[in-house]
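One structure is given here, and the rest of the page talks about it.
The values are calculated or read from the model by the stated rules, or taken from the named source; none is laboratory data. All of these numbers come straight from a predicted model, not from anything done at the bench. Here the Cβ positions follow ideal geometry from the backbone for every residue, glycine too, while neighbour counts run over all protein chains shown. Quick note on the areas: whole protein, heavy atoms, side chains included, nothing else; ligands and nucleic acids left out. Shrake-Rupley method; radii C 1.70, N 1.55, O 1.52, S 1.80 Å.
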Amino acid sequence: MVKVAIWGSLRVATEGRAEVEVDAKNLRELLDRLADAYPGIKPQIDRGVSVSIDGLIYNDSWFTPIGRGSEVVLLPRIVGG
Amino acid sequence: MALDDKHEADGRVFKVVGTRPVRPDGIDKVTGRARFGADMSMPGMLVGWVLRSPHAHAQIRSIDTSKAEALPGVKAVVTRKDFTAESDDVLDNCMAGAKALYDGHAVAAVAAVSAKVAKQALKLIAVDYEVLPHVTDVDEAMKLDAPVLHKDKTDETVPAGMSKNVIQRFEYGHGDVEAGFAEADEIVSRSFKTAATHQGYIEPHACVASMGPDGQADLWVCTQGHYMVRNVCAPMLGMDIGKLRVTASEIGGGFGGKTTVFLEPVALMLSRKSGRPVKMVMTREDVLRATGPTASTSIDVKIGMKKDGTITAGWAEMRYQGGAYPGSPVQFGAMAAFAPYNLKHVKTIGWDVVTNRPKQAAYRAPGAPMGAYVVESVIDELCGNLGLDRLSVRLKNASTEGAKASYGPRFGKIGLTATLEAAKAHPHYSAPLGPSQGRGISCGFWFNFGGDTSVSLSVNNDGTISLSEGNPDIGGSRASMTMMAAEELGIPYDSVRTIIADTSALGQNEVTDGSRVTFAVGLATIKAARDAITKMCSRAAKVWGIDEDAVIWEDGHAKPAGPNAGKFPPMSLAEIAAQASNTGGPIAGHHEVNAEGAGVSFATHMCDAEVDPETGAVKILRYTVFQDAGKAVHPAYVEGQFQGGAVQGIGWALNEEYIYGKDGRLQNPGFLDYRVPVASDLPMIDTVIIEVPNPGHPYGVRGVGETSIVPPLAAVANAVSAAAGVRLTELPMSPPRVLKAIDTARA
Amino acid sequence: MTQIHVSTTINGDAGEFLCEPDETLLDVLRDRLGLTGAKEGCGTGDCGACSVTVDGRLICSCLMLGAEADGREVTTIEGMANGETLHPLQRKFLEHAALQCGICTPGILVAAKALLEKNPNPTETEARYWLAGNLCRCTGYDKIIRAVMDAAHEMRGA
Amino acid sequence: MRYEAPRTLESAVALMAGEKGSAQILAGGTDLLVRMKSGFAEPDLVVDIKRIDGMHAITAEKGGWRIGAAVPGAALGEHAGVKADWPGVVEALELIGSTQVQGRATMAGNMCNASPAADSVPAMVAADAVARVVGPNGTRDVAVGDIATGPGKTSLTNGEIVESIFLPARPKHSGDAYLRFIPRTEMDIAVVGVGVSLTLDASGTCTAARVSLGAVAPTVLLDQKAAATLIGTKVDDAALAKLAAACSAACKPIDDKRGTIEFRTKVAGVLVRRAATIALQRAKG
């Protein structure tokens, strides 16, 4: 299981929990399981998210491995100028 | 810099990286030969002009183009009806649908044989507008009785009962801010406003589109991302992506403002309808009225501090209007505002709001400068109230490796402390100040990212290298790529020529944004060079008749790996290249990657300002940037990014602003009254490059392009507030505002 | 509307062109003569990207009609280098990395050349005020000013 | 649009007077071309006066200087004689726009553009400059302050052309200065402009003064009350304080994108004090 930190305004979809657990070994599984378990998060996932894994930010790479002890934080999709 | 684990590049002696060679496009750019967006012409070319709404908000009842179409010399007229693709905000922004949503919103376009005829034709287009009430201020737009722009764009995060102009709510943080404030010895709460500013690139948007009756098209355009232009425009035109080839011209500045499309789909449509190439070039007025400024904001912030300087809690509520469509960068403001500080209790709330202004476009670290401005202003005030040294307090609270960022994750290796220590040790910090002068400090943070990148590197028969990448070069990146390829291959800088390939030549490339190019394209370039090296080693092995594993690459030569591999003289890249046909054919390396995991970036800025207490005029006396670059590939262009970002920030702080009249029309759509800094406004901008290698890049490179605009708003505001003797809470700090603040404080 | 016939000297070469009476010199240079080194950043004399000299005087070519050029000597960025030999200012701009995107560069070089012809030994402040009409959004002017001062130094033979 | 570049003033007047549509004089063109670009001006005829003999001349006359209508700021700034006599006027003209604009912009054009914020006009008004106007009915001399009648409007009648501007002989022990306030250091339109010209007697007492204000009313103001506060004084701090108060009182500005009423009113007082101090120093030599 991976612990995922959820930002404040999405916590309405996680019954107020700031952190949820899903069974995922990589980024794709993480997003799929999150959307399955917490349908309220799905619209934001569709709008775009980034995921911070151990402090580094990932946007798209499905097969980025997520270790057991990894720190995982859901973020709105990062853009730049 | 002490590091726990070794970086690949540690101890590596670079030969090319870290030097300051002349950029490959340099001669073209100092002789006038470089071709920018508007410098292209094609045989039989028409010119396209856009009709824009004079109203801030209006229903478009009908558009009658018949008289324009009948004018001799007019070859095509386009309105939204010509675009049959599914509507989205980007298309609607390029050509208004049911409503014109801001002053300057495109409503029709004409292609004609000359600009004169086209402009005449625009006057013949009759648009029947039903003018609607408008709103341009973010706080006004949030009121329940405000005119509503869209009925159905609010998302599920917005509580019921708010104005429909409120699109999305964000919340970040951790801990319990109320508990944190209870521990504080001093609390400061303030409200701030910042005006919308424009990226202000000197080159207006321009493109030339040419579409044939077979549906294939070419587009020449100044953009930060020609692959993006292709991917966005093709579906708007109902085309296959592969049928649209986009070539990036030289680009005259972007800063985020050229990360989307405005004219491009319209030019393609005009070309399709007229059957001729069509050139479109914006006027400066068009640029300011209808392309991406950044958000204006209204922010409340509250920070608590102990007498020893420990920040006990930070809270901010941020309201950003991003123009007529969803997508202000408020979430990045809310994420980045407190990122430099390791806080137990922190909370930020962000509201994305729409108003009758042009759709915002990314502007260098989008959303972050305003967040840093309010937080760093209040920290400065707290330091003043408690009599604490402003740099020491920042050092005491600075985020370091392992600190939990206010937006969630724990930081890896970061260089904030190094920038603060460099600032403290710098002579600027201890230099004396005169009367009516003040010094301001600010830290700043930006995420950076990587993204899809494709690079191809050909080994030519004579041993030179042709390097193709797909990211428009805005600030010298071709030089950096050339350097990294030369470094990796072990050959001179002059043996490599780097070009920006068109969209048919390479795989997908993300836009030149997010401070990604030196990081991501650099990474792909190094990997492409390594790919070529592997192939060259294998050719040498064949010639020598040894195992390819027994060949290594050193200083531009294939060499037997050791005495057991056999005694062969090193074979140079040029020798291998010359024999390529005989040893298996052409040699090329390539690399395609989604370069994820870019390292975040921090900076500390220091500014001295003098205020004329009788007029409110501000003079910037001295300015120093301290920023972590990971590894500076071409230090002169790294310094250039630091200096340019600082000066854009100074402009934002002092004089740049979008001014709307009561009629909702932009009052200053020109460089006369949209006041970007001029040479005589400024001192030299000193720079200190800190290098804390980024573990995610083979040479340790971090993006540097954006972070430099994050601290200056607060650095300048803190300097001006110190010099004026009163806290300034509204940007820009134009002379009337500064004078009024001084007079109010004295009264 | 009848086009006007104009005889002029551009970068030392005598030439002729036809233009509309209300056509700016900038449009003539760019659209009729293929000299696209001068850029239009604003069209209102506020950015300096279209700088050229006319009879030795620095001007914005967007604020002059093409018809006015009759009998005048126009010099543009394309006339700055002598064959393969760059003007010292051009060389110093490259050495100092005084350009990023490069759109303002032609105008700034033309303006800086006019400065050094009038004042071979400008102070930093004089250089900054002379160039105040040339907007640059990328560099913050630091490296531009350094390049101009260094070129001036070299040209004085000091 | 037709473009004409006549060789004589008479033919220029005839062209202007004979045009049935709208006709514009082209001197430096730094205002006209901007207005044409934005569509605010769509003239049927443009008469370029730069090919007329004498339009580029700066000539000594009766101890003063006559400056041709086509003399650009850059040329005036290179003229040691005018600069020595009327440094405030020269500096005012040189403040307009960039170096590039200085290569073209003229005092006569700045005056005829009739902007309340024109930089050279308050300086010329303080200098008591006179415009020479040539028209179908002959030649007349008009005080510079009487040319503009409102924003963009002048007292020139059909066919009339400003041929030159005369800066009178500078009295002994006198000096002038012009200061303006702009948000940046260059490239802006004046938010407030102030011209001061004053004359001292041998003892350093002010015997004559002219004070003018720009950008605080529909036209440039000649502020006689303000001038009166200086006359008979040594232009000391007390006099300067009265001067500042008088100027602020004379302001009738508007709020716009460039400044507020409050700001313009206050800064007018600040600038006039500073300008008078410079003029005083110049008068003392």
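Worth pointing out:
- Whether the range B:37-145 is rounded, prolate or oblate, judged on the alpha carbon gyration tensor where a/c under 1.5 counts as rounded: prolate
- Helix axis angle, D:237-250 relative to chain D longest principal axis, alpha carbon, degrees: 40 degrees
- Shape analysis of the range B:80-223 places it in the prolate category; the axes a ≥ b ≥ c from the Cα gyration tensor give an a/c of at least 1.5, with a/b above b/c.
- Heavy-atom accessible area with a 1.4 Å probe sorts D:254, B:689, largest first, into D:254, B:689.
- FRET efficiency, residue B:156 to residue D:257 (Cβ-Cβ, R0 45 Å, nearest 0.05): 0.65
- Inter-label distance for residue B:179 and residue A:60, nm, one decimal - labels placed 7 Å from Cα along Cα-to-Cβ: 4.2 nm
- Placing unit charges on each Cβ (+1 for Lys and Arg, -1 for Asp and Glu) gives the protein assembly as shown a dipole about its Cα centre, and among D:254, B:107, B:441 the Cα reaching farthest toward its positive end belongs to D:254.
- Across the range C:88-157, the relative contact order, built from alpha-carbon pairs under 8 Å that are at least six residues apart, equals 51 percent.
- DSSP bridge pairs, chain B: antiparallel proportion in percent, nearest 5: 75 percent
- Cα-Cα P(r), chain B, percent of pairs per 20 Å interval: 17, 46, 31, 7, 0
- Ordered by 1.4 Å accessible area with all protein chains kept, D:65, B:652, A:62 run largest first as A:62, D:65, B:652.
- A Cβ-based charge dipole, computed about the Cα centre of the protein assembly as shown with Lys and Arg at +1 and Asp and Glu at -1, lands at about 1380 debye.
- With q set to 0.27 Å⁻¹, the log10 of I(q)/I(0) for the range B:692-747, from the Debye formula over equal scatterers at the Cα positions, is -1.04.
- Solvent-accessible area per residue in the range B:139-294 equals 32 Å², computed with a 1.4 angstrom probe and all protein chains kept.
- Look at the stretch B:31-40: the mean tally of other chain Cβ atoms within 10 Å of its residues' Cβ atoms is 6.
- Residues along the range D:73-107 losing 40 Å² or more of accessible surface when the other protein chains are present rather than the chain by itself (probe 1.4 Å): D:78, D:99, D:100, D:104
- Working note: Karplus 6.51/-1.76/1.60 with θ = phi - 60° gives the range C:19-24 the couplings 8, 5, x, 9, 7, 6 Hz, where Gly and Pro are set to x.
- Across every pair of non-identical alpha carbons in the protein assembly as shown, the mean reciprocal distance, once inverted, gives a Kirkwood radius of 32.3 Å.
- 5 angstrom amide H check on residue B:688, placed H, neighbours 5+ away: B:625, B:626, B:627
- The C-alpha atoms of the range C:88-157 occupy a region whose extents along the principal axes are 30, 23, 17 Å, arranged from largest to smallest.
- What you get for chain B, charging only the Cβ of Lys and Arg (+1) and of Asp and Glu (-1), is a dipole of about 1220 debye around the Cα centre.
- Percent of beta bridges antiparallel (DSSP, the range D:2-167, rounded to nearest 5): 75 percent
- Compared with the dominant Cα axis of chain D, that is its longest principal axis, helix D:9-18 is turned about 70°.
- Normalised contact order of the range D:92-248, rounded percent, pairs of Cα under 8 Å and 6 or more residues apart: 23 percent
- If you count Lys pairs in the range D:180-285 whose Cα atoms are under 13 Å apart, skipping same-chain pairs closer than 8 places in sequence, the total is 4.
- Residues residue D:59 and residue B:87, FRET efficiency given R0 of 56 Å [Cβ-Cβ distance, rounded to 0.05]: 0.25
- Interface of D with B. Using a 1.4 Å probe and counting protein heavy atoms only, the two chains hide about 1900 Å² of accessible surface, both sides summed.
- Unit Cα scatterers, Debye sum, the range D:2-167: log10 I(q)/I(0) for q = 0.17, 0.18 Å⁻¹: -1.00, -1.13
- When peptides B:695-705, B:654-664 are ranked by their average number of other Cβ atoms within 10 Å per residue, the highest-first order is B:695-705, B:654-664.
- q = 0.12, 0.24 Å⁻¹, chain A: log10 I(q)/I(0) [Debye, one scatterer per Cα]: -0.28, -1.23
- Cut-off 19 Å (backbone N to label point 7 Å along Cα→Cβ of residue A:26), residues of the range A:44-73: A:49-54, A:56-73
- Phi angles across the range A:37-42 convert, under the Karplus curve 6.51 cos²θ - 1.76 cosθ + 1.60 with θ = phi - 60°, into 3J(HN,Hα) values of 6, 10, x, x, 7, 4 Hz, Gly and Pro given as x.
- Using a 1.4 Å probe over protein heavy atoms, the accessible area lost on pairing C with B, summed over both chains, comes to approximately 3800 Å².
- 5 angstrom amide H check on residue B:312, placed H, neighbours 5+ away: B:304, B:305, B:306
- Net length gained if the chain between residue B:214 and residue B:113 were fully extended (0.36 nm per residue, minus Cα distance): 34.1 nm
- Largest-first ordering by accessible area, 1.4 Å probe, given options D:173, B:105, B:426: D:173, B:426, B:105
- Residue A:31 - accessible surface, heavy atoms, 1.4 Å probe, Å² rounded to 10: 30 Å²
- Less than 5 angstrom separates the built amide H of residue A:64 from those of A:27, A:28, all sequence-distant by 5 or more or on a different chain.
- Counting 0.36 nm for each residue step from residue B:745 to residue B:667 and taking away their Cα separation leaves a gain of 25.1 nm.
- Over chain B, dividing the summed -39,500 (n - 2.57) contributions of all DSSP H runs of at least 4 residues by the number of residues returns a 222 nm mean residue ellipticity of -8000 deg cm²/dmol.
- Share of alpha-carbon pairs per 5 Å distance bin for chain D, given as whole %: 1, 6, 13, 17, 18, 16, 12, 8, 5, 2, 1, 0
- Other protein chain Cβ atoms within 10 Å, averaged over every residue that makes up A:54-67: 5
- Compared with the dominant Cα axis of chain C, that is its longest principal axis, helix C:142-155 is turned about 90°.
- Selection from D:75, D:88, D:167, by position along the positive dipole direction of the range D:61-176 (Cβ): D:167
- Look at the dipole of the protein assembly as shown built from charges on Cβ: of D:55, B:291, B:147, the Cα furthest out on the positive end belongs to D:55.
- Derived scalar couplings between HN and Hα for the range B:290-295 equal 10, 10, x, x, 8, 6 Hz in order, rounded to whole Hz, by the Karplus curve 6.51 cos²θ - 1.76 cosθ + 1.60 (θ = phi - 60°), x for Gly and Pro.
- Heavy-atom accessible surface of chain B: percent carbon and sulfur, 1.4 Å: 50 percent
- Relative contact order for chain B, counting Cα pairs under 8 Å that sit 6 or more residues apart, in percent: 15 percent
- Note on residue B:310/residue B:425: beta-carbon distance plugged into 1/(1 + (r/R0)^6) with R0 of 35 Å gives a FRET efficiency of 0.90.
- Burial annotation for the range C:14-36: residues with an accessible-area loss of at least 50 Å² between the isolated chain and the complete set of protein chains, computed on heavy atoms with a 1.4 Å probe, are C:22.
- In plain terms, if you count all Cα to Cα distances in the range B:186-340 and split them into 10 Å steps from zero, the share in each step is 10, 30, 24, 16, 11, 6, 2, 0 percent.
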